[in-house]
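Notes follow once the structure below has been shown.
The values are calculated or read from the model by the stated rules, or taken from the named source; none is laboratory data. The shown structure was predicted, so the numbers you read here are calculated from the model rather than taken from an experiment. Neighbour counts are summed over all protein chains in view; Cβ atoms, including those assigned to glycine, are modelled from backbone coordinates with ideal geometry. Quick note on the areas: whole protein, heavy atoms, side chains included, nothing else; ligands and nucleic acids left out. Shrake-Rupley method; radii C 1.70, N 1.55, O 1.52, S 1.80 Å.
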Amino acid sequence: MIEFSVLNISKKFNKKFVFENLSFQLSDSNSIAIIGKNGSGKSTFLKICAGVLSPFSGNVEIKIGSKNIDKTNFFLHIGFVAPYLQLYDELTPTEHLEFCCNMKNVKFSKSVIEKVLEEVNLENRKNDFVRTFSSGMKQRLKYATAILHKPEILILDEPTVNLDKDGCETVKKIVEKQIQNGILVYATNNLKEENFSSNVLNIEKNNS
Ligand SMILES: Nc1ncnc2c1ncn2[C@@H]1O[C@H](COP(=O)(O)OP(=O)(O)OP(=O)(O)O)[C@@H](O)[C@H]1O
Ligand SMILES: [Mg+2]
C-alpha cells in the first residue's frame with residue numbers, strides 16, 4: 001500500500017503567493033492531473049510534490065506499507081520527468097542510466113538498462129552522446145531515467161512535450177503501466193493529456 005499525501009501546500013515568490021493551500025491524497029493505482037493557465041504554478045507545485053523545492057507551508061508525505069519515507073529518500077520512490085530537468089551531454093544513454101543508478105545507489109544490470117532503452121525506443125542510439133540528440137530523443141531518455149528504478153510515484157510535467165506520435169504512444173504505455181500498480185501525478189496544458197486521469201486539480205487562484 002502506497003500513500004502520497006500533499007497537504008495544504010502554499011508557495012510564495014518575492015513575497016507574493018503563487019498558490020495557497022493546495023492538497024491531494026492518492027494511494028496505489030491512482031492518478032491526478034494538475035491543470036491551470038500558464039504561470040498558475042503547475043511546475044512549481046510538481047517540484048514541491050517531488051521534494052526538489054520547499055513549500056512556504058504545507059507537507060508532502062510518502063507512506064509505503066506502514067513506513068513513513070524520510071524526505072531525504074523521496075528520490076528513491078519518485079521518478080520525475082520535466083522539460084527543465086538537465087541531462088549530461090557528455091554521456092551516452094547507457095552511461096547516463098548507469099550514472100543515475102550509481103548516484104541513487106540503486107543496483108542495476110546491463111540487461112535492465114537495455115530493456116528500459118528499448119521501452120523508450122532509444123536502443124539504436126544507446127552509444128551516441130546525448131549532446132547529439134534531438135529534443136524528442138532527450139525527452140525519451142528522461143523517461144528512461146525516471147522509470148529505471150521502478151518508482152512507486154511518477155511525476156510528469158508536460159508529459160508529451162517534444163514527442164512525435166510514436167513517442168506519445170510510448171508515454172501512454174508508461175502511464176498505463178504506472179497506474180496499474182503505482183501513483184501518477186502530472187501537469188498539463190494539453191487537453192489530450194487531461195484524460196490520462198479522471199482526477200483533475202485546477203490550481204488557478206479563482207478556481208482553487
Ligand atoms: N524561481 C523562481 N523565482 C521567482 N518566481 C518564480 C520562480 N519560479 C517560478 N516563478 C513564478 O511562479 C509562477 C508560476 O510558475 P510555474 O512555472 O510554476 O507556472 P506553470 O503553471 O508551470 O506555467 P506553464 O504553463 O507556463 O508551464 C510564475 O509567475 C513564475 O514567474
Ligand atoms: Mg510549467
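To make sure I understand the rule: partners must be aspartates and glutamates, Cα under 19 Å from the Cα of Lys15, and not fewer than 8 residues away in the same chain. Which ones qualify?
Output for Lys15: Glu204.
Mind scanning Lys11/Lys205; Lys71/Lys142; Lys47/Lys67; Lys12/Lys205 and naming the pairs with a C-alpha gap bigger than 18 Å?
Lys71/Lys142; Lys47/Lys67
Once amide H atoms are built 1.01 Å from N in the peptide plane, which residues 5 or more positions from Asp28, or in another chain, come under 5 Å H to H?
Placed amide hydrogens put Ile2 under 5 Å from Asp28.
Among all the aspartates and glutamates, which ones have a C-alpha under 15 Å from Lys63's C-alpha, if same-chain residues fewer than 8 places away are not counted?
Cross-link targets: Glu3, Asp28, Glu152.
Between Lys165 and Asn38, what is the label-to-label distance in nm when each label sits 7 Å out along the Cα-to-Cβ direction?
Distance between the two pseudo-spin positions: 2.8 nm.
Show me the chymotrypsin sites (Phe, Trp or Tyr not before Pro) within the range 1-61 that DSSP assigns to loop and that have at most 14 other Cβ atoms within 10 Å of their Cβ.
Within the range 1-61, the qualifying chymotrypsin sites (Phe, Trp or Tyr not before Pro) (loop, at most 14 other Cβ atoms within 10 Å) are Phe56.
Quick one: Karplus J couplings for the range 110-127, per residue in order, coefficients 6.51, -1.76, 1.60, θ = phi - 60°, nearest Hz, x for Gly and Pro?
Whole-Hz 3J(HN,Hα) from phi for the range 110-127: 4, 5, 5, 5, 5, 5, 5, 5, 5, 4, 9, 6, 10, 4, 6, 10, 5, 10.
Pairs of alpha-carbon atoms within less than 8 angstrom and 6+ residues apart define the contacts here; what relative contact order does the range 27-136 have, in percent?
21 percent.
With a probe of 1.4 Å, find how much accessible area the chain has per residue, and write the answer as a whole number in Å².
53 Å²
Which whole-angstrom value gives the distance between the alpha carbon centres of the range 95-114 and the range 124-148?
Between the Cα centre of the range 95-114 and that of the range 124-148, the gap is 14 Å.
Return the carbon/sulfur percentage of the accessible area of the range 137-176, one whole number, probe 1.4 Å, all protein chains in place.
Here it works out to 49 percent.
Which trypsin sites (Lys or Arg not before Pro) does the range 9-62 hold that lie in a coil by DSSP with at most 15 other beta carbons within 10 Å?
Answer in residue order: Lys15, Lys37.
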